[in-house]
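Colleague: What follows is a structure written as structure tokens; I'll ask about it next.
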Amino acid sequence: MKRLFVVILLLAASPAHAMHISEGILPFNWAALWFAVAVPFVALGIKRLNMLAKDDLSFKPLVGLMAAVVFIISCMPIPVPTAGTCSHPCGTGIAAILVGPFVSILISGVALLIQALFLAHGGLSTWGADVVSMGVVGSFMGWFVFRGLRTMGASLGVAGFFAGLLTDWATYATTSVELASGIRGSEPFLPLFVKILVAFIPTQLPLGLLEGAMTAGMVVLLYKKRPDLLVKMRVITEKELTAHA
Amino acid sequence: MHHFTRHPQNDDHPLTRLDARVKLLSALTLLVMVISCRGIAFPLLVAGVCGGICLSLGVRPRVLALRFAEPLFIAGMVLLLKLFFAGTVPLFSFTIAGWEVVGHRDGLMEGVRIASRIAGAVTVVAAVGFTTPFTDLMGALAWLRVPKGFIEVALFAWRYLFVLLDDAQVVYAAQKNRLGYAGYRRGLRSFGTLTGALVIKAFDNSQNITTAMVQRGYDGTMPLLKHRPFRLAEVVAALLVVACMGALWRI
């Protein structure tokens, strides 16, 4: 019965749209630690941005607009049938595929800052933790999976699907680690981590699949409608494009 | 998204007119005090004061409720998790279908502590968000030596967020009117198309923006706000408030 009660409580927790760790939930030492982990990655993102912007003046506006797109995507509720509710995708998978992981970290940092300030979604004190989970882990996971599968000969759709799926799941696994370590108090880490991970499952298992499908759909749509953009962002080569045509 | 506005709530409020740098520094200090506080009273006091500020700005209670709904829900869930799954000292118990569920006193205290921290921190940031225009906040961050690349991207994102949001709403309404979200599979396809269309619009807009900006002398860097000198009265008032809060925090 106690297990049933746990399940009921955890299912009740799932509609929280809990993409980001809420403001104030992490104590100061953990908030500072995640901030210290996130900052070097964001700095590398800025360095990469400045390097790319030297050759192409439109790169900074593009990254700004991509940050706006990630903001909008991660504010859009989509239905999650198992939980009977709505949640939302990360959007960092597609950003990492298009502009690379480091610039994608910068994009998520900006999107998270705006969400924290004006939507109470995430927070300033948890900005570092959210950047690490959504930006660092999400972006690198999406980028590595996409590039890895493409190198192995997977189609754009398949590579996009798995990139989106694993971006989402990796983000939530990291969020669980951050939450469990931050709120455990005197409890042991592992049982709480498992509880939080289980709490995310009803929402994030299907949502990961949705994010995968969405990322695949977007990449395929770009390929059909504007393949020049994919060539410009080095997602596909000119050779691949002409070979297909 | 409907409680998300680009302008501060009340231009005539003294806090709206306060220098963004002073506001941001005071808010960050308060935030650090709240998240490092081991008690319950101080975060709740901060929540009360900052909630009162939000109401005095003329923010409608409905908007405030929407803004706070998610973090407060999470606070409630953390409280319940801690009550039933943490702690060792029984506070109460009840039986459901022959199974005993126990609430713990120390778990409840820990849960209330985290929940109060969330309430305090969320209201501090909300008060800043409701009283400060985004561009002023970015100016304050630039003054705090946040790298220019970050500020520039944030300013571009903020400027075109509302343009893309309007585009997204138009496409979403058109899709919905054509039953684009009737059924799970169809809804997913429509959502993919919508986000793909947004990415294409972002690319196209970035090209147009760059062309227009280059014609106006853009060379890759954007000029940021120039700050007026600090006003002594503002700084002294902020220091007094922070010192008072610091004293309460220590108690």
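Each reported figure results from applying straightforward, stated rules to the coordinates on display, with no laboratory input. Being a predicted model, the structure only gives us computed values, none of them experimental. Glycine also receives a Cβ, built like all others from the backbone with ideal geometry; neighbour counts cover every protein chain displayed.
Colleague: Given the -39500 (n - 2.57) contribution per DSSP H run of 4+ residues, what per-residue ellipticity at 222 nm results for the protein assembly as shown, rounded to the nearest 500 deg cm²/dmol? Intermediate values should be presented prior to the final figure.
Modeller: On the way: 20 runs with 357 residues, N = 496.
Computed mean residue ellipticity for the protein assembly as shown: -24500 deg cm²/dmol.
Colleague: What ranking do B:50, B:244 get, fewest neighbouring Cβ atoms within 10 angstrom at the top? Write out the running numbers ahead of the final one.
Modeller: Working: B:50 24, B:244 10.
Going from least to most buried by this count: B:244, B:50.
Colleague: Here's another thing I want to ask about it. Using per-residue counts of other Cβ atoms within 10 Å, averaged over each peptide, order A:217-223, B:97-103 from highest down. Walk me through the numbers before you get to the answer.
Modeller: On the way: A:217-223: 23.4, B:97-103: 11.9.
Final packing ranking: A:217-223, B:97-103.
Colleague: Using a 10 Å cut-off on Cβ to Cβ distances, tally the other chain neighbours for every residue of A:108-121 and report the average as a whole number. Can you show the working numbers first?
Modeller: On the way: counts 0, 3, 9, 4, 0, 9, 8, 1, 3, 8, 14, 8, 15, 4.
Going residue by residue through A:108-121 and averaging, the value is 6.
Colleague: So how do B:148, B:82, A:54 line up by other beta-carbon neighbours within 10 Å, fewest first?
Modeller: On the way: B:148 14, B:82 26, A:54 10.
Listed from fewest to most nearby Cβ atoms, that is A:54, B:148, B:82.
Colleague: A further question follows. Among A:108, A:22, B:56, which comes first, second and so on when ranked by fewest other beta-carbon atoms within 10 Å? The partial results should precede the final answer.
Modeller: Working: A:108 33, A:22 29, B:56 14.
Least crowded to most crowded, the residues run B:56, A:22, A:108.
Colleague: Now, a different point. Report the FRET efficiency, 1/(1 + (r/R0)^6), for residue B:148 and residue B:62, where r is their Cβ-Cβ distance and R0 is 35 Å, rounded to 0.05. Walk me through the intermediate numbers first.
Modeller: On the way: r = 38 Å, r/R0 = 1.09.
Given R0 = 35 Å and the Cβ-Cβ separation, E is 0.35.
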